[in-house]
Structure formats: C-alpha cells, structure tokens
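Worksheet: one structure, shown below.
Nothing in this text is a laboratory measurement; each read-out follows from the coordinates by a stated rule. Source: prediction; values computed, not measured. So basically every Cβ, Gly included, is an ideal-geometry build from the backbone, and we count neighbours across all protein chains shown.
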Amino acid sequence: MRLFIAVSLPPLWKDRMDTATHYLKTHTEHCIPTPRGTFHLTLAFLGETDRLADVIQAMDQVHGAPFPLISSGIGQFSLKEGDLWWMGIESTPPLMDLQAKLADSLRGAGFEISDKPYQPHASLARQVQPKPDLDVAELERLLPPMSFEVRYMTLFRSDWDRGNLFYTPLHRTMLTEEN
C-alpha cells in the first residue's frame, strides 16, 4: 500500500483551490492540476508499506491540541519535469510541532521519514509551464488568506484506478492534549 498522513482540507479551501487550478490550467502551456478530491496538507509520506498497524500505533502516540491552520500565498518548487505550484500554509508552532512529533514517532517505529526541513504547502498543479499572461497576483487573489481548526490527522492510502488518483482514508487520530 502507498500511504501518507495528512490534514484534510475543508470544502471552502477546496473550492478556492479548485478555482486557482482552473486559472493555472488556462494560463499555462502545460500543467497537471491537482484534482479537487485530492487537496490536502501532507504531514508525513510513507510510500509503499504493508505495516498498517505500526503506522496507526505511531500516529496514535502523537498528542497535541487542535490548532488553526492558516493559508499563506502561492509558491513553487522548481523540478526537472516542470514546476510544482502550491498554496502555502503558515509554519505555525503548533503545526510544526505536530509534524515533528509525528515524524519522530514514525522514525521510532522504523519508518524512513525525510529529514528535509518541513515546508507546509498544498499542491495546486505539477509540471507547470506558464504562459506570459499568467498573473501571480490574480492567482493570489483567488486564494485569499483562509483559516480553519485542525482537529485530527488522517492516514490515507493512495491508489490509481483507470488513470485517476484516489485517496482512501484508513485511520484518523484526533488531536487532544495528553493526559
């Protein structure tokens, strides 16, 4: 199974991100928009593993209070096959603490988790090749600052079916302070 742990995004965020991906699609020579149903904030990518029970146990050992997640502008990673454009997420202490605790718990369970600095973002489109008329200010206007309270993290399985990407939730860990 191909697994990752993420924060699911609320409908308003997905609506605005979907509008932004449509803008990108119409103002680029080429791009692969992220499908609306797959918008999320990755906390940890596990890749292929059959150790489902170990992942769930590692997730359930992570404690933290619910916290606000705040969007913050547009960014991009330059990649060989084309740029990845994304909506930024503020690196607030509660988010960064949750991600660090989760990564440590997963490493303690024997999973290989990237040690690159965590940069919170939600992908909008891959392999982006902008046209000259792409206006980043307009794209940012379509994605004004948003906020919602994160109350849980979800373990997802990633599958392809007839050329479409699907994420299936397998487990949810609620955020509560440790007693």
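Each label point was placed 7 Å from the Cα along the Cα-to-Cβ direction; for Q119 and T38 their separation is 2.0 nm.
Note on the stretch 44-95: Kirkwood hydrodynamic radius from all Cα pairs is 14.3 Å, rounded to one decimal.
Sum up the lysine pairs in the stretch 2-174 that clear both bars: alpha-carbon distance under 26 Å and a spacing of 8 or more or different chains. The result is 7. Distance between the 7 Å Cα→Cβ label points at H22 and M96: 3.6 nm.
How would the stretch 134-179 be classified by its alpha-carbon gyration tensor: rounded, prolate or oblate, with rounded meaning a/c under 1.5 and the a/b versus b/c comparison settling the rest? Before the final figure, lay out the partial values.
Details: a/c = 5.52, a/b = 1.21, b/c = 4.55.
Here the stretch 134-179 falls in the oblate category.
Can you tell me the equivalent ellipsoid semi-axes for the chain? Use √(5λ) from the Cα gyration tensor, largest first, whole Å. Could you put the intermediate results ahead of the total?
Working: eigenvalues 167, 69, 40 Å².
In descending order, the three semi-axes are 29, 19, 14 Å.
Amide H to amide H distances under 5 Å link L43 with I5, A6, V7, where only residues 5 or more positions off or on other chains count and H is placed in the peptide plane. For H30, the residues whose amide H sits under 5 Å from its own are Q129, ignoring neighbours fewer than 5 places away on the same chain, with H placed 1.01 Å from N. Taking 7 Å steps out from each Cα toward its Cβ at H30 and A109 produces label points 3.8 nm apart. Taking θ as phi - 60° and the Karplus parameters 6.51, -1.76 and 1.60, the scalar couplings of the stretch 30-41 work out to 7, 6, 10, x, 6, x, 3, x, 10, 5, 6, 10 Hz in sequence order, x denoting glycine and proline. Dividing the mean sequence gap of close Cα pairs (under 8 Å, 6+ apart) by how many residues the chain holds gives a relative contact order of 34 percent.
Working note: 222 nm ellipticity from helices only, DSSP H runs with n ≥ 4, each -39,500 (n - 2.57), summed and divided by the residues of the chain, gives -8500 deg cm²/dmol to the nearest 500.
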